[in-house]
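J.: Pasting in a structure now, in structure tokens, and then I'll have a few things to ask.
The values are calculated or read from the model by the stated rules, or taken from the named source; none is laboratory data. Bear in mind that the values here come from a model prediction, so they are computed numbers and not experimental data. Cβ atoms come from the backbone with ideal geometry, glycine included; neighbour counts cover every protein chain shown.
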Amino acid sequence: MDEPVVADYPILGRISSPADVKGLDLDECASLAAECRRFVVDAVSRTGGHLGSNLGAVEATIALHRVFDSPRDVLLFDTGHQSYVHKLLTGRQERFASLRQEGGLSGYPSRSESAHDWIENSHASTALSYAHGIATAFARTGQEKRRVVALVGDGALTGGMAYEALNNLGHGEARVCIVLNDNGRSYAPTVSKLSESLTQLRLNPSYGAIRSKVVRALDDIPGVGQLAGQSLRSLTSALRELVEPHVFFEALGIRYLGPIDGHDVGVLEHALEKAARYPGPIVLHVLTRKGRGYGPAEADEIQCLHDLKAQPNLATPNRVGDRGALAVGPRSTEASYTEAFSKALLEVGSRDPTVVAVTAAMPGPTGLLPFEARHPERFVDVGIAESHAMTAAAGMAMAGLRPIVAIYSTFLSRCFDQQNLDVGLHRAPVVVCADRAGITGDDGPSHHGILDMVLGLAVPGLTVLAPSEPAELAPMLDAALALDGPALIRYPKTPGPAHLGAPGHGLRARVLREGGDRVVLVGVGKLAKAALDAAEILAREGVEVTVIDPRVVRPLDPMLVERAAAADLVVTAEDGLVHGGAGAYLADQVDARAAAEQVRGPLVVRLGVPTTFLPHGKPDVILARLGLDAAGIAASTVAGLERAGRIGIGTAREAPERAAAGSGGGVGSGSRGRVAR
């Protein structure tokens, strides 16, 4: 992939470290900001990545590196997807052609990339807790002169963990500078409207007392009528601007400065120098615009081009403010699981007025916007507060509603305790729809959704469903809503196949290919298609297999358990953790059946993701490396037949010559098909 031409960026091209940024005058800083925006647009259009958040944080990042001395001073980003300019200013310009590509630059801060990256922060609302810990360590080890700075988006302050950290920062008088990047958005417009100078933080009684006095005063004025109400609204707005931000933070023991213009390097630098001298915790409130300086991003009211797929034909502006045109590439012919869920949700919502959609600040990417538009009174966005979302959904279910919580699989682990004890223990009929399950690709280890199956199976009584194709989402949603207890439906980000077999129904499995009773391949979720393709490979080499799509991982269809128990070899494949996953659960059920019948059960070979942190890369490439593509499943099946014959299970057929074919990698121990019952 071609590099952005650094020669086209005369000032940015001179920057190899933060020391170079300190040597610029303010006019050069303004030019640098413009060049950074053009560079980011150019780079992201080639590789994909987060655009709007980085365009909004340009001047703030430049000012941070002019005032503070990274990495001696600690710069933390919450969330880390707003760190592209930080990477540019810390010597990583030439690597941007590899942004989010396998083996290349991460889309988040990465400790392995640079000493300037302290945390690999890709989940929101955590940086203030890191800051508290680092500042505490500095204070106790005689390093008080080192500063800790956290650039925190207003969306991150909708997360409860951030408030826990603020409380501790103020109580402990930790020397931390918090730069509140207030653009009114997290992914979409911030649910708590912190962008309005935090005017929704009406937690301090001072505001209520003042407002009550104003109301009483107006009530005593005769004949003002409607004018009084209008004046009250205007005055209330002014009082909020005057009272709330500094009262809220300073009530916690944190000094407040601002709000100031977040796109003026000179103003930012002056304010940061003042904040840097403060001996305790301090908040600098800066107002920015997400997508600043790039027309299409500024015009995108919902996301401000928060993230962008690779668009090689994306017009790059020649100067800040030019409006390039988005070139939309060819659309995949395969269907989207998210779109299928969105349509199914609209359908069930139109039939059942108790259905409520719940999200934690991700209504767009989880497919909830059409539901919100049609049923705004039944749409709940709690902000970046997954734990609260889950427990609130439990409460809704207890009171007669049917909440559907749409959440990324990777964020589901943030509320496992609530899913387990608040939903599961109470058998609350909450349906969790985990989008982006399995290997997601470019966002790396923090975003692969490989824990949801293991966690779901750990919750007693939780029904776990995995659609193998987008068309399965509608019947699965119907089945989940018909239950009197909780359910989890997990599906991938990648497009899905169509018409794998006759439509499924209820909690029943479906046989996708009939190939006798000797070998059974069980493809969980999206890997049902890979299992079918593996069956074709095996058939060409004289090995006939039956392929079953379980559809429901728990409770398993008795037919599936019966077919598996009667086979010589069962191979399961899933795009989640293999240890404690769907294959392990099936193996346990088959073992129990064999023990009850006092017979020897089949050999069960379980294929899945090893317990490791997987780097970013294309999903299909990662799956192939793990032996979770058609060729890998076929090779593991042949190896399983050989093993079954050696240990006296069935009569192994002659193994094809290409039994060992495939690309290394593998499950667990480093070679394919080695994890078995």
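J.: Looking at region 349-457, what helices (runs of 4 or more DSSP H) fall wholly within it and have at least 1 residues that are touching a His at 6+ places or on another chain (Cβ under 8 Å)? Explain how you work it out, then say what you get.
T.: Working: elements: 369-374, 386-398, 409-412, 452-457.
Filter on region 349-457 gives 386-398, 409-412, 452-457.
Table: residues versus (1) polar (S, T, N, Q); (2) closer than 17 Å to Ile178 by Cα; (3) buried (at least 21 other Cβ atoms within 10 Å of the Cβ).
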residue: Gly13; (1), (2), (3): no, no, no
residue: Arg38; (1), (2), (3): no, no, yes
residue: Asp69; (1), (2), (3): no, yes, no
residue: Leu89; (1), (2), (3): no, no, yes
residue: Glu94; (1), (2), (3): no, no, no
residue: Gly107; (1), (2), (3): no, no, yes
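J.: Would you please name the residue that is surrounded by the most Cβ atoms within 10 Å (Cβ to Cβ), looking only at residues in region 344-381 that are of a type in the set (Gly, Ala, Ser) and within 19 Å of Gly525 (Cβ to Cβ)? Break it down stepwise before answering.
T.: Step one: list which residues in region 344-381 are of a type in the set (Gly, Ala, Ser), which gives 344, 349-350, 357, 360-361, 364, 367, 373.
Still in the list and also within 19 Å of Gly525 (Cβ to Cβ): 344, 367.
On the way: Ala344: 23, Gly367: 25.
Going through the qualifying residues, I end up with Gly367.
J.: Let me ask you something else. Within region 144-155, identify whether any single residue is touching a Ser or Thr at 6+ places or on another chain (Cβ under 6 Å) and closer than 25 Å to Leu268 by Cβ, and answer yes or no. Give the steps one after another, and end with the answer.
T.: Here is the first cut: in region 144-155, the residues touching a Ser or Thr at 6+ places or on another chain (Cβ under 6 Å) are 154-155.
From what is left, the residues that are closer than 25 Å to Leu268 by Cβ are 154-155.
Yes.
J.: Which numbered condition trips up Phe341, out of (1) modelled with pLDDT of 95 or more; (2) surrounded by fewer than 23 Cβ atoms within 10 Å (Cβ to Cβ); (3) in a helix (DSSP H, G or I); (4) not charged (D, E, K, R)?
T.: (2)
J.: Looking at the structure I just gave you, is Gly645 buried (at least 17 other Cβ atoms within 10 Å of the Cβ), part of a helix (DSSP H, G or I), assigned by TED's automatic domain parsing to the domain that holds Leu577 and modelled with pLDDT under 95?
T.: Values: buried (at least 17 other Cβ atoms within 10 Å of the Cβ): yes; part of a helix (DSSP H, G or I): yes; assigned by TED's automatic domain parsing to the domain that holds Leu577: yes; modelled with pLDDT under 95: yes.
Yes: the conditions hold for Gly645.
J.: Just to be sure before I move on: is Tyr84 surrounded by 22 or more Cβ atoms within 10 Å (Cβ to Cβ), of a type in the set (Ser, Thr, Tyr) and at pLDDT 85 or above in the structure I sent?
T.: Yes.
Yes or no, residue by residue, for (1) of a type in the set (S, T, N, Q); (2) in contact (Cβ under 8 Å) with a residue 60 or more places away in the chain:
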| residue | (1), (2) |
| --- | --- |
| Ser413 | yes, no |
| Asp435 | no, yes |
| Ser446 | yes, yes |
| Leu455 | no, no |
| Ala458 | no, yes |
| Ala471 | no, yes |
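J.: Hey, another quick one. What are the residues in region 91-139 that are touching a residue at least 60 places away in the same chain (Cβ under 8 Å), of a type in the set (Phe, Trp, Tyr) and either in the same structural domain as Leu614 (by TED's automatic domain parsing) or not in a loop (DSSP other than H, G, I, E, B) (or both), if any?
T.: Across region 91-139, the qualifying residue is only Phe96.
J.: Can you tell me which residues in region 162-176 are of a type in the set (Val, Ile, Thr) and without any contact (Cβ under 8 Å) to a residue 60 or more places away in the chain? It would help to see each step written out before you state the result.
T.: Going residue by residue through region 162-176, those that are of a type in the set (Val, Ile, Thr) are 176.
Of everything in region 162-176, nothing turns out to be of a type in the set (Val, Ile, Thr) and without any contact (Cβ under 8 Å) to a residue 60 or more places away in the chain.
J.: Something else: Counting only residues that are surrounded by fewer than 24 Cβ atoms within 10 Å (Cβ to Cβ) and small (Gly, Ala, Ser), which one in region 163-182 is modelled with the lowest pLDDT?
T.: Taking the candidates together, the pick is Gly172.
J.: Picking from Gly223, Gly253, which residue would you name as being at positive phi and modelled with pLDDT under 85?
T.: Testing whether each residue is at positive phi and modelled with pLDDT under 85 leaves just Gly223.
J.: Within region 140-152, take every residue that is in contact (Cβ under 8 Å) with a residue 60 or more places away in the chain and under 11 Å from Asp73 (Cβ atoms) and give me the one that is farthest from the chain's Cα centre (by Cα). Write out each step before concluding.
T.: First, the residues of region 140-152 that are in contact (Cβ under 8 Å) with a residue 60 or more places away in the chain: 146-152.
Restricting the remaining residues to those that are under 11 Å from Asp73 (Cβ atoms) gives 146-149.
On the way: Arg146: 32, Arg147: 30, Val148: 26, Val149: 24 Å.
So, considering only residues that are in contact (Cβ under 8 Å) with a residue 60 or more places away in the chain and under 11 Å from Asp73 (Cβ atoms), the one farthest from the chain's Cα centre (by Cα) is Arg146.
J.: Phe138 passes all but one of (1) out of contact with any Gly (no Cβ under 8 Å at 6 or more places or on another chain); (2) surrounded by 21 or more Cβ atoms within 10 Å (Cβ to Cβ); (3) not small (Gly, Ala, Ser); which number fails?
T.: Result: Phe138 fails condition (2) only.
J.: Output yes when any residue across region 467-486 is among the polar types (S, T, N, Q) and surrounded by fewer than 21 Cβ atoms within 10 Å (Cβ to Cβ), and no when none is. Don't jump to the end; show me each part of the working.
T.: Step one: list which residues in region 467-486 are among the polar types (S, T, N, Q), which gives 468.
Narrowing the set further to residues that are surrounded by fewer than 21 Cβ atoms within 10 Å (Cβ to Cβ) leaves none.
No; the residues of region 467-486 include none that is among the polar types (S, T, N, Q) and surrounded by fewer than 21 Cβ atoms within 10 Å (Cβ to Cβ).
J.: Suppose we filter region 372-407 for residues that are under 19 Å from the mean Cα position of the chain (by Cα) and modelled with pLDDT under 95; how many remain?
T.: Step one: list which residues in region 372-407 are under 19 Å from the mean Cα position of the chain (by Cα), which gives 380-390, 404-407.
Checking which are modelled with pLDDT under 95 leaves us with 380-390.
Going through region 372-407 one residue at a time, the tally reaches 11.
J.: Do any residues in region 391-411 that are under 21 Å from Ala344 (Cβ atoms) have Cβ atoms under 9 Å from those of residues that are in a strand (DSSP E or B) and among the hydroxyl-bearing types (Ser, Thr, Tyr), where the two are at least six apart or on different chains, and which pairs are they?
T.: Filtered contacts from region 391-411: Val405/Thr359; Ala406/Thr359; Ile407/Thr359.
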